[in-house]
């Protein structure tokens with residue numbers, strides 16, 4: 001720093017001297033110029049020295065400030081490190097104290113456990129001694145009781161168990177009845193809302209099919225041509241179609257009778273073509289019937305396709321589509337099977353949506369639930385329609401939920417998905433609504449009689465009445481033989497027996513009535 005100041009001063013002095021000499025030469029007075037130059041040079045030197053001292057002092061001051069700043073920063077770093085070290089030491093001391101506390105606590109616990117073990121061992125020895133004494137005393141008491149009562153311990157135990165079983169069974173039935181009533185209070189209202197909402201949103205038609213079709217004629221002269229010489233034409237028609245043709249005194253009409261509506265439709269269309277064409281003879285009859293059968297088969301496939309499109313069902317196997325089309329020509333208790341299946345599919349879709357389930361899957365199961373009622377061969381007729389439909393669905397790649405719903409809608413297999421009870425309920429709604437189905441009088445009376453016979457099969461039943469078209473069973477019991485608790489149990493048992501042994505649409509309500517009468521005569 002001193003060398004730099006000296007060089008600066010020398011340079012300044014040289015410049016000043018040179019400037020003074022030039023100035024003096026210009027004025028033409030060398031002596032005066034030199035004296036003035038010396039003075040100025042001395043002044044400049046003083047000023048330069050002062051300036052150098054000031055610069056030196058500033059530099060020293062700046063160096064001291066920089067040193068103090070570096071020192072302060074260093075002290076801060078040292079203080080931070082000291083603080084961290086102190087915290088680490090504190091944590092270490094805390095952990096050491098905690099570990100020492102835990103060690104002392106564990107030591108105390110070990111001592112306590114050892115003391116407890118000694119106590120338990122001592123008490124166990126005492127209990128073993130007392131147990132042996134109690135067993136000896138119990139054996140002596142049992143022997144005394146057997147001598148007094150004349151019963152062995154096994155016989156007494158059997159009698160006690162029997163009485164306990166009866167008591168437990170009665171208590172269990174009472175508890176079950178109470179639980180069922182409590183569940184009904186909460187669940188019945190919600191279920192009723194869902195069912196009513198579903199029914200209100202589905203418009204249905206009431207149509208009952210018969211086993212006969214009426215074929216209208218233009219005139220009674222056509223009847224003779226249909227009968228043919230010695231009845232050969234009518235016999236050929238009946239043989240080709242499998243339909244009984246009734247020609248009576250009904251004007252301008254003949255009756256086609258057959259339980260199979262497909263055959264009946266084939267016969268009706270064939271007669272229409274024969275009468276329109278005018279050529280009626282056995283060879284022509286066979287030709288027309290074959291053409292009509294092919295037409296009906298094509299129509300069945302078209303009906304199946306149209307049905308699945310209307311319901312928004314996709315990816316159905318062609319064989320299942322054909323089975324759906326065949327349902328148009330089948331009926332169940334007078335109700336058209338295809339109309340019933342469409343109705344069940346719509347109900348299932350709405351109810352599944354209300355319950356938060358998959359409505360498309362529910363529709364699919366609802367449409368296919370009765371496909372087992374249209375078997376392809378005589379061997380399949382012996383299989384229950386629910387099981388047959390489930391096998392078909394499995395064979396043609398339907399999902400497990402759909403297959404289970406088809407097989408379980410009459411409780412013939414166990415339900416494994418939530419869609420199964422939905423299909424069962426919607427099937428009951430469609431089949432049990434007023435006007436949907438009809439029953440033959442004999443089978444209707446037999447059903448009522450079977451209901452009453454089931455009730456009479458239980459002990460204590462005095463009278464039984466099937467009322468409300470077989471939808472309710474009133475059972476009157478003898479008050480001396482059946483208690484109030486047993487009446488609740490009897491009602492449950494009868495309902496389970498009806499559910500197991502009978503097939504019926506809808507529900508059957510079982511009401512057990514027990515009364516006690518006390519009669520006195522005042523004279």
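Every number in this text was worked out from the coordinates using simple rules, so none of it is lab data. Predicted model only: the values in this text are computed from it and were never measured. Ideal geometry is used to build each Cβ from the backbone, glycine not excepted, and the neighbour counts take in all protein chains shown.
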Simple spin-label estimate for residue 159/residue 467, 7 Å along Cα→Cβ, in nm, reads 4.5
How long is the gain from residue 509 to residue 83 if the chain were fully straight, where each residue apart is worth 0.36 nm and the alpha carbon distance is subtracted? 144.8 nm
Set the Förster distance to 41 Å, then compute FRET efficiency between residue 49 and residue 92 from the Cβ-Cβ distance, nearest 0.05. 0.05
Can you compute the modelled spin-label distance between residue 394 and residue 286, with each label point 7 Å from Cα toward Cβ, in nm? 4.3
Between the stretch 449-523 and the stretch 57-91, the Cα center-to-center distance that results, in Å: 102
Calculate, in nm to one decimal, what residue 99 and residue 354 gain on full extension: separation in residues at 0.36 nm each, minus their alpha carbon distance. 85.6 nm
Can you tell me the alpha carbon radius of gyration of the stretch 441-513 divided by the globular rule-of-thumb value 2.2 N^0.38 Å? 1.05
With the Cα gyration tensor of the stretch 312-437 giving a ≥ b ≥ c as the square roots of its eigenvalues, does the rule (a/c under 1.5 for rounded; else a/b larger than b/c for prolate; else oblate) give rounded, prolate or oblate? rounded
What distance in nm lies between label points placed 7 Å from Cα along the C-beta direction at residue 314 and residue 279? 4.9
Ranked from fewest to most other Cβ atoms within 10 Å of their own Cβ, 97, 518, 261 fall in the order 518, 97, 261
